[in-house]
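The values are calculated or read from the model by the stated rules, or taken from the named source; none is laboratory data. Given the structure is predicted, the values throughout are model-derived calculations rather than measurements. For neighbour counting, all protein chains shown are included, and Cβ atoms are generated from backbone atoms with ideal geometry for every residue, glycine included. In case anyone asks, the SASA skips ligands and DNA or RNA and just uses the protein heavy atoms, side chains included. Shrake-Rupley method; radii C 1.70, N 1.55, O 1.52, S 1.80 Å.
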Number of protein chains: 2
Amino acid sequence: MALTDPAVVAAARARYGAAREAGLSLDMTRGKPSPEQLACAHGLLGAVECEDERATDGTDCRNYGGDSRGLPEMRAIFGEILGVDAERVFVGGNASLQWMHDLVVQALLVGVPGGEPWGGPGRAAPVKFLCPCPGYDRHFAVLERYGIEMLSVAMGDDGPDVDEMARLAGADPNVKGMFCVPRYSNPTGVTCSDAVVEAIASMPTAAPDFRVIWDDAYALHAFDGEPDRLASLYDLCATHGNEDRAVLVTSFSKVTFGGSGLAAVAASPANTDWIREFRSAQTIGPNKLNQLAHARFFDGSIAAVRDHMKGHADLIRPKFAAVLRVLDERLGGLGIASWSQPRGGYFVSLDTAPGCARAVIEMAGEAGVRLTPAGATFPYGIDPQDRNIRIAPTLPALAEIETATGLLADCIVLVSAGE
Amino acid sequence: MALTDPAVVAAARARYGAAREAGLSLDMTRGKPSPEQLACAHGLLGAVECEDERATDGTDCRNYGGDSRGLPEMRAIFGEILGVDAERVFVGGNASLQWMHDLVVQALLVGVPGGEPWGGPGRAAPVKFLCPCPGYDRHFAVLERYGIEMLSVAMGDDGPDVDEMARLAGADPNVKGMFCVPRYSNPTGVTCSDAVVEAIASMPTAAPDFRVIWDDAYALHAFDGEPDRLASLYDLCATHGNEDRAVLVTSFSKVTFGGSGLAAVAASPANTDWIREFRSAQTIGPNKLNQLAHARFFDGSIAAVRDHMKGHADLIRPKFAAVLRVLDERLGGLGIASWSQPRGGYFVSLDTAPGCARAVIEMAGEAGVRLTPAGATFPYGIDPQDRNIRIAPTLPALAEIETATGLLADCIVLVSAGE
């Protein structure tokens with residue numbers, strides 16, 4: 001891949017020099033909601049008032065006690081989002097990452113229903129997980145911490161490569177599970193097709209205690225209109241006799257407040273019994289006042305949640321449009337990069353020519369534009385082709401996004417030209 | 001032990017029969033704050049208002065980010081409570097139980113600083129913990145879940161039997177740690193003497209990675225005046241070259257709202273680095289808005305927290321006085337039971353004659369007075385002498401406490417008399 005037009009390189013060089021001179025300070029490292037998105041949830045503050053702290057089931061949300069699964073009104077809403085009966089939903093904590101981390105930890109120490117403990121780092125044959133990638137760095141970090149070997153699987157336009165997954169999981173009983181962001185995936189923005197979901201639900205696995213941790217983090221996060229339809233992994237697993245395979249999680253960290261939202265998990269009766277057991281050892285119960293505040297703010301209604309997310313979409317849509325427009329203006333037709341065209345989620349995923357991503361990110365950093373570190377979207381932080389760059393445009397203001405994306409594009413031109 | 005006065009038994013029998021006829025429904029099973037105590041914290045609701053969600057360090061508490069240890073203003077308060085520099089305090093989650101559980105889990109899977117992983121249930125030689133008892137059932141439940149063998153150690157009037165602990169921990173490298181509620185202990189109300197704290201800090205242990213999880217749950221919970229002074233385990237451990245031994249936890253579940261308070265952990269630099277690592281795998285960060293609400297409600301001041309707890313004390317004091325008065329009236333001088341005289345905390349611990357506790361609790365339950373299940377204050381739920389009963393008087397109203405305690409006393413008389 002080579003640039004044929006020296007004028008393009010010269011223009012990029014001039015702009016980059018000027019930007020470096022100006023000294024930018026722009027951060028597109030993480031998918032954080034903007035202050036304007038956060039303001040949409042201001043009604044949550046003070047949503048619970050004195051003398052009115054009871055949930056619909058009569059629980060005094062100020063005290064210990066109540067259903068360990070969380071408030072019925074929030075279980076109902078998360079049940080709708082995850083497509084699982086509210087009876088099998090747990091709402092608790094402020095981060096779906098904690099559910100995912102703790103599920104892995106419990107599987108290692110105690111085993112999941114129907115299986116022995118997976119075992120810790122000292123285990124003779126290491127536990128392995130399938131890792132669609134590029135993917136979410138925090139999934140990989142959980143696996144790395146506990147010595148779980150990560151097997152990369154390519155992420156395509158309709159989800160991960162299911163043939164490769166079936167081959168790996170079918171042959172080796174140490175392949176115990178996988179993480180997947182099935183809708184508007186992090187970072188490629190892909191939603192799994194019905195065929196992919198069905199393949200994941202039905203594929204024979206050598207491990208009888210194989211688990212799919214289905215991280216539907218962007219279930220509500222369309223830029224325009226209704227979110228992409230996603231087939232129900234849970235129902236398809238049940239249809240294929242693998243009901244215990246699916247563990248679904250989501251959170252409100254990108255719905256209300258980052259870190260002060262709610263997180264939920266849903267699974268089969270056997271899995272939820274198991275979750276109830278470990279939760280009873282781990283905690284007295286969830287923060288029910290925060291759940292009650294959410295229930296009041298959304299009036300106990302999934303429709304209100306969806307409306308709220310239309311407000312987010314209106315704020316986010318122009319930012320993604322700006323990224324795509326600038327990339328197209330600066331890089332379109334040059335043949336030195338390709339990028340995703342997401343319809344929802346939090347990221348644009350860009351691929352440079354092989355061997356360029358690290359240099360591009362470093363060059364952008366030197367001019368004050370911080371991007372997600374190179375390699376972060378791959379297991380062990382190593383992008384084997386050194387080409388993927390994750391762009392997170394939700395937090396900065398529109399003008400900043402245009403500046404940062406332009407600078408990124410210029411860096412791609414310069415690195416591709418060997419500068 | 002025998003009753004000499006048949007009139008006492010007859011009176012108890014008559015009252016018990018009448019109570020059973022009346023059909024009570026009283027719950028003294030758990031140490032829960034009363035609605036009046038919870039009302040003391042009503043100002044916490046709405047303490048954070050729109051457009052004013054920044055901590056003193058500038059963190060926008062509505063979003064991801066900020067110090068993973070929690071807000072500086074709450075770390076300062078918990079640092080004062082735990083007697084540890086705020087730099088080495090983590091504030092996060094809503095339950096100190098979760099910190100304790102997760103510390104054990106991490107030790108099993110990854111190992112604590114300076115040690116190998118303790119190993120899971122399948123380990124050849126089981127990990128063992130020293131368990132002062134009677135003690136807190138949820139500590140025991142964590143250990144039981146992960147196959148950690150519990151070695152009972154007697155709780156005396158100034159803390160656990162340190163000679164026995166030193167003997168057990170000194171001889172066996174599989175003895176990896178202990179839980180202890182050092183102040184107003186659950187259930188006996190004992191505060192560890194300086195000598196006991198020093199002995200725990202200094203005792204040689206065969207395991208170099210021995211840990212003391214110091215659950216100072218009732219640090220602020222005196223009934224009258226200032227709380228009991230507790231020597232600093234952390235400082236004494238450091239003095240004796242065992243700085244990494246001490247891990248201190250506490251929570252606000254019995255300060256503001258049960259389940260919607262804050263929890264904190266403090267430890268040595270090596271331990272806090274380790275905590276930071278596992279927290280970074282487990283969560284994006286704590287619920288900072290709840291921390292900010294607490295900081296605002298208490299005006300960032302430990303003095304305000306202590307004042308707040310004086311309000312609790314005024315509500316709790318008469319309830320404990322009622323329990324002690326009724327026990328004294330009904331059982332004083334009979335020689336069939338002894339009980340603690342706590343100056344703080346949440347419980348009265350009562351010992352019947354050996355072999356009576358289970359029958360007493362069952363008899364009380366048949367008349368509608370629910371008490372903590374027999375054996376709950378011992379490892380594996382087995383009180384070897386079947387004599388300990390934990391009375392939790394904070395939740396019910398005063399009149400209910402008098403009725404329930406009277407009924408309990410009558411049951412003790414009846415069971416002791418062989419009825």
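Results, tabulated for the structure shown:
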quantity	calculated
Hey, B:THR394 surrounded by fewer than 24 Cβ atoms within 10 Å (Cβ to Cβ) and on the phi < 0 side of the Ramachandran plot or not	yes
Sole exception among (1) closer than 30 Å to B:GLU149 by Cα; (2) open to solvent by 40 Å² or more (accessible area, probe 1.4 Å); (3) not in a helix (DSSP H, G or I) for B:TYR380, by number	(3)
Extreme residue, least open to solvent (accessible area, probe 1.4 Å), among residues of the stretch A:314-344 that are assigned to a strand (DSSP E or B) and of a type in the set (A, V, I, L, M, F, W, C)	A:ALA337
Residue, modelled with the lowest pLDDT, within the stretch B:116-133, restricted to residues that are touching a Phe, Trp or Tyr at 6+ places or on another chain (Cβ under 9 Å) and either open to solvent by 20 Å² or more (accessible area, probe 1.4 Å) or under 16 Å from A:THR283 (Cα atoms) (or both)	B:PRO121
Failed condition for A:THR56, given (1) within 11 Å of chain B (Cβ to nearest Cβ); (2) touching a helix residue (DSSP H, G or I) at 6+ places or on another chain (Cβ under 6 Å)	(1)
Unmet criterion (only one of (1) under 17 Å from A:ARG245 (Cβ atoms); (2) touching a helix residue (DSSP H, G or I) at 6+ places or on another chain (Cβ under 7 Å); (3) surrounded by fewer than 23 Cβ atoms within 10 Å (Cβ to Cβ); (4) not aliphatic (A, V, I, L, M)) for A:PHE179	(3)
Qualifying position, being on the phi > 0 side of the Ramachandran plot and at pLDDT below 95, among B:GLY418, B:GLY345	B:GLY418
Test: A:ILE316 is modelled with pLDDT of 95 or more and more than 20 Å from the chain's Cα centre (by Cα)	no
Criterion violated by A:PHE347 - all others in (1) open to solvent by less than 50 Å² (accessible area, probe 1.4 Å); (2) in contact with a helix residue (DSSP H, G or I) (Cβ under 8 Å, 6 or more places away or on another chain) satisfied	(2)
Sole exception among (1) part of a loop (DSSP other than H, G, I, E, B); (2) touching a residue at least 40 places away in the same chain (Cβ under 8 Å); (3) more than 14 Å from chain B (Cβ to nearest Cβ) for A:ARG69, by number	(3)
Lone qualifier among B:SER202, B:SER185 - being in contact with a Cys (Cβ under 9 Å, 6 or more places away or on another chain), modelled with pLDDT of 95 or more and open to solvent by 40 Å² or more (accessible area, probe 1.4 Å)	B:SER202
Within the stretch B:177-292, helices (runs of 4 or more DSSP H) holding 2 or more residues that are within 14 Å of chain A (Cβ to nearest Cβ)	B:269-282
Top-ranked residue in the stretch B:4-31 [being basic (Lys, Arg) and at pLDDT 95 or above; ranked as least open to solvent (accessible area, probe 1.4 Å)]	B:ARG15
Residues located in the stretch B:138-149, provided they are surrounded by fewer than 20 Cβ atoms within 10 Å (Cβ to Cβ) and at pLDDT 95 or above	B:ALA141, B:GLU144, B:GLU149
Checking B:ALA154 against (1) within 17 Å of B:ASN174 (Cα to Cα); (2) surrounded by fewer than 21 Cβ atoms within 10 Å (Cβ to Cβ); (3) aliphatic (A, V, I, L, M), the condition it does not meet	(1)
Residue match in the stretch B:42-49 (condition: facing chain A (nearest Cβ under 10 Å), in a helix (DSSP H, G or I) and surrounded by fewer than 20 Cβ atoms within 10 Å (Cβ to Cβ))	yes
Residue within the stretch A:292-300 that is modelled with pLDDT under 95 and closer than 18 Å to A:ASP85 by Cβ present	yes
Hey, B:VAL255 open to solvent by less than 10 Å² (accessible area, probe 1.4 Å), in contact (Cβ under 8 Å) with a residue 24 or more places away in the chain and touching a Gly at 6+ places or on another chain (Cβ under 8 Å) or not	yes
Top-ranked residue of the stretch B:227-252 - restricted to ones that are among the acidic types (Asp, Glu) and in contact (Cβ under 8 Å) with a residue 40 or more places away in the chain, ranked as most open to solvent (accessible area, probe 1.4 Å)	B:ASP235
Residues within the stretch A:1-41 that are part of a helix (DSSP H, G or I) and among the β-branched types (Val, Ile, Thr), tallied	2
